[in-house]
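In what follows, a structure is listed as structure tokens, so that the remarks can point back to it.
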Amino acid sequence: MSTAAELLGAVVPDVSRPWAREDPPLAPYVPHTLALLRRATQWSAVGPAAVTRVLECTTRLAVALHRAGDYASALSVAQEAVTRGTRALEATHPAVIAIRQRAGRSLYRLGRYEEAEATHRLALADCTAVFGANAVETLESCAGLSPVLVWVLDRREEAVALVRRAVEGRTAALGPTHPSTLIARTYLLEFTAGPETRPDAGAALVSDCRSELGPGHPITLDAELNHGFALVTAGRQPLALDLIRQVVGGSERAYGAEHPKTLAARSLLSRVLGELGRLPEAAEQAEWVADARARVLGAGHPWTQWSLDRLAERRRALDDERRTGDGDGGETS
């Protein structure tokens, strides 16, 4: 079994490097990985060390599926790994906690918010008990829980406190420009964006990402997008527009046109275009996002419904402008 785990580890995607759209398809890995996981957790002769190695490979596969935007497959793999890993080891084993954290992230992306919150809160409590409040594993749960708090439950203060804790803890343990720290800093920029945000608030973060990871890296794209979002919320739409357009183009190259991250960037582009009075373009971008999210995430996903609502708003604004004959939709502005 140890040999099989080593062989699997050699072919399962290396998640220390960014996922790219040109990477080989991940679907063929799923049945083989789950089959090995079942054998490892069912055979009494297999020891904890071998089970742990198989779980680590399964976690890498779940991460790769998630990064590719296949949240449903990532969740399916993670949930089976949690069930079998808990039986073979225990719920608080580090390898089991790691896959539980991944399940929470996929639940959030699938719009299953109550389950995501519960999963992350339990993982955070277990991490704190097992590893300590300042351990990197605990900080991972802080970061994982925060999006559902800020964007679904409207508990911004709690979310910001968790992310600040992750930034400070990761900075102390890993350094200010470690990829994990940069991710937490990107979250913090997003969650604290508002009318009083300084125009340069995200500039240092973007600079650090470009220097450490390079242009076009997924973390750099996230930082650039959240810098654009912060500029928009601060009323700096003209300054944000070119940056957001660049992020849309970079995301299309990195992920493809219909990856959820590309659609998030295009959604922000639609917003800033609308706020600049460029209503035809704003409606066009909103329609693209709504149609693509319906295909990728499904008609019942909360993000799809949100996109349809934004599309309806853009169309109403465009219709109102056409009825009043007010200007040319901002095309020359």
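The values are calculated or read from the model by the stated rules, or taken from the named source; none is laboratory data. Note that the coordinates shown come from a computational prediction; the quantities given were computed from them, not determined experimentally. Neighbour counts run over all protein chains shown; Cβ positions are idealised from the backbone, glycine included.
A few comments on the model shown:
- Test: residue in region 283-300 that is in a helix (DSSP H, G or I), farther than 30 Å from Glu114 by Cβ and of a type in the set (D, E, K, R): yes
- Among all residues of region 95-115, there is none that is farther than 29 Å from Val152 by Cβ, crowded, with 19+ Cβ neighbours inside 10 Å and not charged (D, E, K, R).
- Residues in region 76-90 that are in a helix (DSSP H, G or I) and either basic (Lys, Arg) or over 12 Å from Leu61 (Cβ atoms) (or both): Gln79, Val82, Thr83, Arg84, Gly85, Thr86, Arg87, Ala88.
- Candidates are the residues of region 27-57 that are within 29 Å of Ala292 (Cα to Cα) and either among the aromatic types (Phe, Trp, Tyr) or assigned to a helix (DSSP H, G or I) (or both); the one that is modelled with the lowest pLDDT is Tyr29.
- Selection from region 192-215 of residues that are within 17 Å of His178 (Cα to Cα), touching a helix residue (DSSP H, G or I) at 6+ places or on another chain (Cβ under 6 Å) and either assigned to a loop (DSSP other than H, G, I, E, B) or at pLDDT below 95 (or both): Gly202, Leu213
- Flag for Ala159 being free of Cβ contacts under 8 Å to residues at least 40 places away in the same chain and more than 20 Å from the chain's Cα centre (by Cα): no
- Selection count where residues are without any contact (Cβ under 8 Å) to a residue 40 or more places away in the chain and surrounded by 20 or more Cβ atoms within 10 Å (Cβ to Cβ), scope region 244-261: 5
- Leading residue by the ranking (farthest from Ala103 (Cα to Cα)) among those in region 30-60 that are touching a Leu at 6+ places or on another chain (Cβ under 9 Å) and of a type in the set (S, T, N, Q): Thr41
- In the set (1) surrounded by 16 or more Cβ atoms within 10 Å (Cβ to Cβ); (2) in contact with a helix residue (DSSP H, G or I) (Cβ under 7 Å, 6 or more places away or on another chain), the condition left unmet by Gly277 is number (2).
- Candidates Ser307, Ser251 - the one that is in a helix (DSSP H, G or I), within 21 Å of the chain's Cα centre (by Cα) and within 19 Å of Cys209 (Cβ to Cβ): Ser251
- Against the criterion of being free of Cβ contacts under 8 Å to residues at least 60 places away in the same chain, closer than 30 Å to Gln246 by Cα and not in a loop (DSSP other than H, G, I, E, B), Leu182 qualifies.
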